[in-house]
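One structure is given here, and the rest of the page talks about it.
FYI, it's all coordinate maths here, none of it is from the lab. Since this is a predicted model, take the numbers as computed values, not measurements. Neighbour counts run over all protein chains shown; Cβ positions are idealised from the backbone, glycine included.
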Amino acid sequence: MDIIEKLKWRYAVKEFNTNRHITVNHEQTLRESILLTPSSYGLQPYRVVWIKDEELRKTLVPHSFNQDKVAKSNILAVICSETKLDDAYVDNYIERIGEVRNIPVEELKSVADNMKRTLNNMSAQARRNWAGRQAYIALGNLLTVAAVINIDACPMEGFVKKEYDKILELDKYGLRSEVIVTLGFRSANDRYQFNAKVRKKESAFFIDL
Ligand SMILES: Cc1cc2nc3c(=O)[nH]c(=O)nc-3n(C[C@H](O)[C@H](O)[C@H](O)COP(=O)(O)O)c2cc1C
């Protein structure tokens, strides 16, 4: 597999093929690509609402600047950041480390204190920005892995976060939406797939020292 060819193959799909469906195996690969995303301290200050229900996706179209691919793709992934990044959140994570690595939580106290200090030293806005940035790393991973397994996608910021948060009752989970991704297969009629990719010239992009 030539990964660069895969990255050239991918593009932000405008129109999906409604007749093709992602296999269960590929769906699981996509989910794991998000789950395995690295995050600062490993705190994963994000979760994903994975929406296959077409009716629900249809209700979100008007709040997505009428981009109907939200309903016409196979899956809509709503990447959300955590809103309650407090000491209890860190303690939960520490417990999880203890469970997975079989370490008594008392031995992880200094690690926990360090994380709590970092989070508590941030303003609410800084914490929010930090969590949002982590969520975008998950977005990148998902897009790359999708391309590698020939699944099409469109990352989207063209949606009304407030409306998504309300409809999906994200408050209930202590989440807010950050960015969404539609997943499925490109339509043969989508002319965007034939556009040449526009990126900065390598010489104007890298600063080689
Ligand atoms: C964070 C982000 C938000 C985007 N929002 C939208 C969107 O709402 N609708 C859309 O059609 N494309 C959206 N795009 C797609 C970009 O326009 C596209 O990735 C960019 O023009 C580069 O083209 P390519 O992805 O086809 O290579 C978004 C891309 C990113 C990374």
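Of the options Pro104, Thr23, Met115, report the single residue whose Cα projects farthest towards the positive end of the charge dipole of the chain (beta-carbon charges: Lys, Arg +1; Asp, Glu -1).
Thr23
Give the long-range amide H neighbours of Tyr46: residues separated by 5 or more places, or on another chain, with amide H under 5 Å away, using H modelled in the peptide plane at 1.01 Å from N.
Glu82
Can you tell me the order of 158-170, 101-113, 132-144 when each peptide is scored by its average per-residue count of other Cβ atoms within 10 angstrom, highest first?
Details: 158-170: 15.6, 101-113: 11.8, 132-144: 18.9.
Going by the mean number of other Cβ atoms within 10 Å, highest first, we get 132-144, 158-170, 101-113.
Of the listed peptides 45-52, 117-124, what is their order by residue-averaged count of other C-beta atoms within 10 Å, with the highest listed first?
So the order, starting with the most tightly packed, is 45-52, 117-124.
Can you tell me the mean projection area, over all orientations, of the convex hull of region 90-178's alpha carbons? Units nm², please. Intermediate results must be reported in sequence, preceding the final value.
Numbers: hull surface 32.7 nm².
It is 8.2 nm².
Give the Rg/Rh ratio for the chain, taking Rg as the radius of gyration of the Cα atoms and Rh as the Kirkwood radius, to two decimals.
Details: Rg = 19.1 Å, Rh = 18.9 Å.
Rg divided by Rh gives 1.01.
Given +1 on the Cβ of Lys and Arg, -1 on the Cβ of Asp and Glu, and no further charges, what dipole in debye does the chain carry about its Cα centre, rounded to the nearest 20?
Working: 32 positive and 28 negative charges, 155 e Å.
Dipole about the Cα centre, nearest 20: 740 debye.
Find the centroid of the Cα atoms in region 160-208 and in region 9-88, then give the distance between the two in whole Å.
The distance from the Cα centre of region 160-208 to that of region 9-88 comes to 10 Å.
Go through Tyr41, Val78, Val13 and say which Cα lies farthest out towards the positive end of the charge dipole of region 1-102; charges sit on Cβ, +1 for Lys and Arg, -1 for Asp and Glu.
Toward the positive end, the furthest listed residue is Val13.
Students often forget the sequence filter, so: which aspartates and glutamates lie under 15 Å Cα-Cα from Lys72 once same-chain residues fewer than 8 apart are removed?
Glu15, Asp53, Glu54, Glu55, Asp152, Asp190
Can you tally the lysine pairs in region 81-178 where the Cα-Cα distance is under 29 Å and the two residues are eight or more apart, or on different chains?
The number of close lysine pairs in region 81-178 is 11.
Work out from phi, with θ = phi - 60° and the Karplus expression 6.51 cos²θ - 1.76 cosθ + 1.60, the ³J(HN,Hα) of each residue of region 66-74, listed in order in whole Hz, and give x for Gly and Pro.
Result, ordered by residue: 6, 7, 6, 4, 4, 9, 8, 7, 8 Hz.
Before rounding to the nearest 500, sum -39500 (n - 2.57) across all DSSP H runs of length at least 4 in the chain and divide by the residue total; then give [θ] at 222 nm in deg cm²/dmol. Numbers along the way, then the final one.
Numbers: 9 runs with 93 residues, N = 209.
When only DSSP H runs of four or more count, the value is -13000 deg cm²/dmol.
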